[in-house]
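S.K.: Let me give you the structure first, and then I'll get to my questions.
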Amino acid sequence: MRERAARLDAQEAALDALLAALDERVGDDAAEPDARVAALDARAPGYAQYHRIGHKRQAAYRRLAGDRAAARAHYAPVLAALLADDDLSSPCWLAQVLVVAGGRRRLQEELVAAVEGGEPLRQACAVGAWRWADAPYPDLAERFRAARVAAAERAADPWVHERLGDSRSGSNG
């Protein structure tokens, strides 16, 4: 449970940094809390944060999807947010922005580099994001596969080990 909370904290911090770089605000701190979110959070601790993260991710995507220059200018914080997103389906939004901003090959190179030398969370998130980079280049696909196997062998955290070894989270590698 603590590990999941730490991953959510890292993801939210990366999105907060991206939104700050974009000078984008999300939500209204003075607004009344949503009773549905509070009820779900009571049953599944962490849900309120997960819900907030979803709004932040969508706000960043909406801001960047229509502005290629902004996406290029903020490539690094978008990549940092992608490499902190451990959800298996939501990285598609930020991956799309990065593909448009820098191309598929650049994104795939960044993901391979994250698996080869990143911290365990970045490695696991890169594996989860790989499938959203689409149509891998054969040289990068092989490097990705080799890096993934090596990282899985070194992983001490059971969640990271499972994520690195889970073929569903990186179907192209």
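The values are calculated or read from the model by the stated rules, or taken from the named source; none is laboratory data. Keep in mind that this is a model prediction, so the values were computed, not measured. Here the Cβ positions follow ideal geometry from the backbone for every residue, glycine too, while neighbour counts run over all protein chains shown. Keep in mind that these areas ignore ligands, DNA and RNA; they rest on the heavy atoms of the full protein, side chains included. Shrake-Rupley method; radii C 1.70, N 1.55, O 1.52, S 1.80 Å.
S.K.: Among the numbered conditions (1) open to solvent by less than 60 Å² (accessible area, probe 1.4 Å); (2) under 26 Å from residue 160 (Cα atoms); (3) within 17 Å of the chain's Cα centre (by Cα), tell me where residue 19 comes up short.
M.R.: Against the list (1) open to solvent by less than 60 Å² (accessible area, probe 1.4 Å); (2) under 26 Å from residue 160 (Cα atoms); (3) within 17 Å of the chain's Cα centre (by Cα), residue 19 comes up short only on (2).
S.K.: Could we say that residue 43 is touching a Phe, Trp or Tyr at 6+ places or on another chain (Cβ under 7 Å) and open to solvent by 60 Å² or more (accessible area, probe 1.4 Å) here? I'd like the intermediate steps shown before the answer.
M.R.: Numbers: touching a Phe, Trp or Tyr at 6+ places or on another chain (Cβ under 7 Å): no; open to solvent by 60 Å² or more (accessible area, probe 1.4 Å): yes.
The answer is no for residue 43.
S.K.: Among residues belonging to region 125-138 that are over 13 Å from the mean Cα position of the chain (by Cα) and either of a type outside the set (Ser, Thr, Tyr) or surrounded by 21 or more Cβ atoms within 10 Å (Cβ to Cβ) (or both), point out the one that is modelled with the lowest pLDDT. Let's see the steps before the verdict.
M.R.: Just the residues of region 125-138 that are over 13 Å from the mean Cα position of the chain (by Cα), to begin with: 134-138.
Next, only the ones that are either of a type outside the set (Ser, Thr, Tyr) or surrounded by 21 or more Cβ atoms within 10 Å (Cβ to Cβ) (or both) stay: 134-136, 138.
Working: 134: 79, 135: 70, 136: 74, 138: 93.
So, considering only residues that are over 13 Å from the mean Cα position of the chain (by Cα) and either of a type outside the set (Ser, Thr, Tyr) or surrounded by 21 or more Cβ atoms within 10 Å (Cβ to Cβ) (or both), the one modelled with the lowest pLDDT is 135.
S.K.: Moving on. If we keep just the residues of region 87-124 that are assigned to a loop (DSSP other than H, G, I, E, B) and within 18 Å of residue 151 (Cβ to Cβ), which is most open to solvent (accessible area, probe 1.4 Å)? Spell out how you get there, then give the answer.
M.R.: Filtering region 87-124 down to residues assigned to a loop (DSSP other than H, G, I, E, B) leaves 87-90, 103, 118-119.
Then keep just the ones that are within 18 Å of residue 151 (Cβ to Cβ); that gives 88, 118-119.
Numbers: 88: 56, 118: 19, 119: 126 Å².
My answer is 119.
S.K.: Is there a residue in region 84-93 that is within 24 Å of residue 50 (Cβ to Cβ) and touching a Leu at 6+ places or on another chain (Cβ under 6 Å)? If you could, list the steps in order and put the result at the bottom.
M.R.: The initial filter retains those residues of region 84-93 that are within 24 Å of residue 50 (Cβ to Cβ), namely 84-93.
Imposing the further condition that a residue be touching a Leu at 6+ places or on another chain (Cβ under 6 Å) reduces the set to 91.
Scanning region 84-93 turns up at least one residue that is within 24 Å of residue 50 (Cβ to Cβ) and touching a Leu at 6+ places or on another chain (Cβ under 6 Å).
S.K.: I would also like to ask the following. Out of the residues in region 16-28 that are in contact with a Leu (Cβ under 9 Å, 6 or more places away or on another chain) and either among the hydrophobic types (A, V, I, L, M, F, W, C) or within 18 Å of residue 83 (Cα to Cα) (or both), state the one that is modelled with the lowest pLDDT.
M.R.: Narrowing region 16-28 to residues in contact with a Leu (Cβ under 9 Å, 6 or more places away or on another chain): 18, 22, 24-26.
Then drop every residue that is not either among the hydrophobic types (A, V, I, L, M, F, W, C) or within 18 Å of residue 83 (Cα to Cα) (or both), which leaves 18, 22, 26.
On the way: 18: 97, 22: 96, 26: 85.
Filtering region 16-28 for residues that are in contact with a Leu (Cβ under 9 Å, 6 or more places away or on another chain) and either among the hydrophobic types (A, V, I, L, M, F, W, C) or within 18 Å of residue 83 (Cα to Cα) (or both), the one modelled with the lowest pLDDT comes out as 26.
S.K.: What's the number of the condition residue 26 fails, among (1) in contact (Cβ under 8 Å) with a residue 40 or more places away in the chain; (2) more than 24 Å from residue 163 (Cβ to Cβ)?
M.R.: (1)
S.K.: Which of the residues spanning region 22-40 are open to solvent by 80 Å² or more (accessible area, probe 1.4 Å) and under 22 Å from the mean Cα position of the chain (by Cα)?
M.R.: Residues satisfying the conditions are 23, 25.
S.K.: Looking at region 52-66 only, could you name the residues that are in contact (Cβ under 8 Å) with a residue 40 or more places away in the chain, over 9 Å from residue 15 (Cβ atoms) and either within 12 Å of the chain's Cα centre (by Cα) or open to solvent by less than 50 Å² (accessible area, probe 1.4 Å) (or both)?
M.R.: 64
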